[in-house]
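Notes for the one structure printed next.
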Amino acid sequence: GLVEKTLREATLKDSLPNAINDQSRMGDPAEWDSLSFVMVLMAVAEAYGVDLADDDAFHFTSIPAMKAFLEEVIDE
């Protein structure tokens, strides 16, 4: 998916030791750290055409939070 692809690009890896799943969050996998977080945030926002405010960033710390946020803002 998009998050896994972004993390691979951010860490210059062909694959991640732990796959991204519906419960993945920052720190699990380890490649999803504070540096790659910004790339994940930008990639998801761009892919879904979402304009983000600074305080929206916390929605991008886990897959469940991202899904909930995107469902909310895309339905508006």
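The values are calculated or read from the model by the stated rules, or taken from the named source; none is laboratory data. It should be emphasised that the depicted structure is a prediction, and the values quoted were computed from it without experimental measurement. Glycine also receives a Cβ, built like all others from the backbone with ideal geometry; neighbour counts cover every protein chain displayed. Note: accessible area is taken over every heavy atom of the protein model, side chains too, but ligands, DNA and RNA are not part of it. Shrake-Rupley method; radii C 1.70, N 1.55, O 1.52, S 1.80 Å.
Might you work out the accessible area of residue 20 for me, using a 1.4 Å probe with all protein chains in place, and round it to the nearest 10 Å²?
40 Å²
Let me check against my output: what whole-number percent is the relative contact order of the chain, with C-alpha pairs under 8 Å and at least 6 apart? Walk me through the numbers before you get to the answer.
Details: 66 pairs, mean separation 23.3, N = 76.
With pairs under 8 Å counted, the relative contact order is 31 percent.
Considering only protein heavy atoms and a 1.4 Å probe, what is the carbon-and-sulfur percentage of the accessible area of the chain? Please report the intermediate quantities before stating the final value.
Values: 2510 of 4900 Å².
Percent of accessible area from carbon and sulfur atoms in the chain: 51.
Select from 15, 70, 34 the residue farthest towards the positive end of the dipole of the stretch 10-76; place +1 on Cβ of Lys and Arg, -1 on Cβ of Asp and Glu, and compute about the Cα centre.
Among 15, 70, 34, the one farthest towards the positive end of the dipole of the stretch 10-76 is 15.
To the nearest 0.05, what FRET efficiency results for residue 54 and residue 11 with a Förster distance of 22 Å applied to their C-beta separation? Mind showing how you got there, number by number?
Details: r = 25 Å, r/R0 = 1.14.
My answer for the efficiency is 0.30.
Run the numbers for residue 46 and residue 21: contour at 0.36 nm per residue of separation, minus the present Cα-Cα distance, in nm.
Values: separation 25, 0.36 × 25 = 9.00 nm, distance 2.07 nm.
Once the chain is fully extended between residue 46 and residue 21, it gains 6.9 nm.
When the helices in the chain are scored as -39500 (n - 2.57) per DSSP H run of 4 or longer and the sum is shared across all residues, what 222 nm value do you end up with, to the nearest 500 deg cm²/dmol? Intermediate values should be presented prior to the final figure.
Numbers: 3 runs with 38 residues, N = 76.
Counting only the DSSP helices, I get -15500 deg cm²/dmol.
When the expected Rg is taken as 2.2 N^0.38 Å, what fraction or multiple of it is the alpha-carbon Rg of the stretch 35-75?
Numbers: Rg = 9.2 Å, N = 41, 2.2 N^0.38 = 9.0 Å.
Ratio of Cα Rg to 2.2 N^0.38 Å: 1.02.
With axes computed from alpha carbons, what is the tilt in degrees of helix 2-11 against the longest principal axis of the chain, rounded to the nearest 10 within 0 to 90?
50 degrees
Work out the charge dipole of the chain with +1 on the Cβ of Lys and Arg and -1 on the Cβ of Asp and Glu about the Cα centre, then indicate which of 24, 58, 47 is farthest towards its positive end.
Going by the Cα projections, it comes out as 24.
Taking the Kirkwood radius as the inverse of the mean 1/r across Cα pairs, report the Rg/Rh of the stretch 1-62. Could the numbers behind the result be given before it?
On the way: Rg = 11.1 Å, Rh = 11.7 Å.
Rg/Rh for the stretch 1-62 comes to 0.94.
With +1 assigned to the C-beta of every Lys and Arg and -1 to the C-beta of every Asp and Glu, and no other charges, what is the dipole magnitude of the chain about the Cα centre in debye, to the nearest 20? Walk me through the intermediate numbers first.
Details: 5 positive and 16 negative charges, 87 e Å.
It comes to approximately 420 debye.
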